Amino acid sequence: QVRLDQSGGGVKPPGESLTVSCTISGSPLSVSTMGWYRQVRKNTRDMVALITSNGEIHYIDSVKGRFTISRDTKTNTMSLRMDNLEFADSAVYYCNLEDNSGNNYWGQGTLVTVWD
């Protein structure tokens, strides 16, 4: 069974950096995409950064130049480094894996709070 376990997150003032990580265990079918999403309260869970199976990387406009998504296939981990944090980055962050059959797997969520 595929499992995604998250770590990292916390509270930081604006302008500082934070990294959230995700460890993938189990045996997922061929991966279609891996990415990070965020959710504020009861709003929708929105994509922040995505890596496709052929290595393409996509970011939402508001984090371009500040966030970096990376994947380490040797350790089966995926990370999101967030630099120059802004108040609007405060959210619960979720890692996601979608396989080629359309199955979606989610991490448990990690709270990131930008606060001064």
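The values are calculated or read from the model by the stated rules, or taken from the named source; none is laboratory data. Note that the structure is predicted; figures quoted are calculated from it, not measured. For neighbour counting, all protein chains shown are included, and Cβ atoms are generated from backbone atoms with ideal geometry for every residue, glycine included. The protein model used for the area step is the full one, side chains on, heavy atoms only, and it has no ligands, DNA or RNA in it. Shrake-Rupley method; radii C 1.70, N 1.55, O 1.52, S 1.80 Å.
Does the stretch 36-45 hold any residues that are under 22 Å from Asn103 (Cβ atoms) and open to solvent by 80 Å² or more (accessible area, probe 1.4 Å), and which are they?
So in the stretch 36-45, the residues under 22 Å from Asn103 (Cβ atoms) come out as 36-39, 44-45.
Passing the criteria: Thr44, Arg45.
What number of residues within the stretch 1-29 are open to solvent by 40 Å² or more (accessible area, probe 1.4 Å) and among the aliphatic types (A, V, I, L, M)?
Restricting attention to the stretch 1-29, the residues satisfying the condition of being open to solvent by 40 Å² or more (accessible area, probe 1.4 Å) are 1, 3, 5, 7-8, 11-17, 19, 23, 25-29.
Now narrow it down to the ones that are among the aliphatic types (A, V, I, L, M): 11, 29.
Total satisfying the criteria: 2.
For Thr33, are the conditions met, namely being touching a Leu at 6+ places or on another chain (Cβ under 6 Å), surrounded by 15 or more Cβ atoms within 10 Å (Cβ to Cβ) and not hydrophobic (A, V, I, L, M, F, W, C)? Spell out how you get there, then give the answer.
On the way: touching a Leu at 6+ places or on another chain (Cβ under 6 Å): yes; surrounded by 15 or more Cβ atoms within 10 Å (Cβ to Cβ): yes; not hydrophobic (A, V, I, L, M, F, W, C): yes.
Criteria met by Thr33.
Kindly indicate the residue of the stretch 88-116 that is among the small types (Gly, Ala, Ser) and open to solvent by 60 Å² or more (accessible area, probe 1.4 Å) and also modelled with the highest pLDDT among those meeting that condition.
Ala88
Any residue in the stretch 14-33 that is over 30 Å from Asp116 (Cβ atoms) sitting within a Cβ distance under 8 Å of a residue that is open to solvent by 50 Å² or more (accessible area, probe 1.4 Å) and among the β-branched types (Val, Ile, Thr)? List the pairs, counting only those 6 or more apart or interchain.
Thr23/Thr75
Is there any pair with a first residue in the stretch 71-99 that is free of Cβ contacts under 8 Å to residues at least 24 places away in the same chain and a second that is surrounded by 16 or more Cβ atoms within 10 Å (Cβ to Cβ) whose Cβ atoms are under 8 Å apart and which are 6 or more apart or on different chains, and what are they?
Asp72/Met78; Asp72/Ser79
Just to be sure before I move on: is Val20 under 19 Å from Leu97 (Cβ atoms), in contact with a Gly (Cβ under 6 Å, 6 or more places away or on another chain) and aliphatic (A, V, I, L, M) in the structure I sent? Write out each step before concluding.
Numbers: under 19 Å from Leu97 (Cβ atoms): yes; in contact with a Gly (Cβ under 6 Å, 6 or more places away or on another chain): yes; aliphatic (A, V, I, L, M): yes.
It is true that Val20 is under 19 Å from Leu97 (Cβ atoms), in contact with a Gly (Cβ under 6 Å, 6 or more places away or on another chain) and aliphatic (A, V, I, L, M).
When the residues of the stretch 74-116 are filtered to those that are outside any loop (DSSP other than H, G, I, E, B) and among the small types (Gly, Ala, Ser), which remaining residue is farthest from the chain's Cα centre (by Cα)? Spell out the reasoning first.
Looking only at the stretch 74-116, we keep the residues that are outside any loop (DSSP other than H, G, I, E, B), and these are 77-82, 87-89, 91-99, 104-106, 110-114.
This time we only want the ones that are among the small types (Gly, Ala, Ser), so: 79, 88, 91.
On the way: Ser79: 7, Ala88: 16, Ala91: 11 Å.
If we take residues in the stretch 74-116 being outside any loop (DSSP other than H, G, I, E, B) and among the small types (Gly, Ala, Ser), then Ala88 is farthest from the chain's Cα centre (by Cα).
Which residues, taken from the stretch 57-73, are outside any loop (DSSP other than H, G, I, E, B), surrounded by 14 or more Cβ atoms within 10 Å (Cβ to Cβ) and at pLDDT 95 or above?
Applying the first criterion (outside any loop (DSSP other than H, G, I, E, B)) to the stretch 57-73 yields 57-59, 61-63, 67-72.
Okay, now just the ones that are also surrounded by 14 or more Cβ atoms within 10 Å (Cβ to Cβ), so 58-59, 63, 67-71.
Once the filter is applied, which keeps residues that are outside any loop (DSSP other than H, G, I, E, B), surrounded by 14 or more Cβ atoms within 10 Å (Cβ to Cβ) and at pLDDT 95 or above, the stretch 57-73 yields His58, Tyr59, Val63, Phe67, Thr68, Ile69, Ser70.
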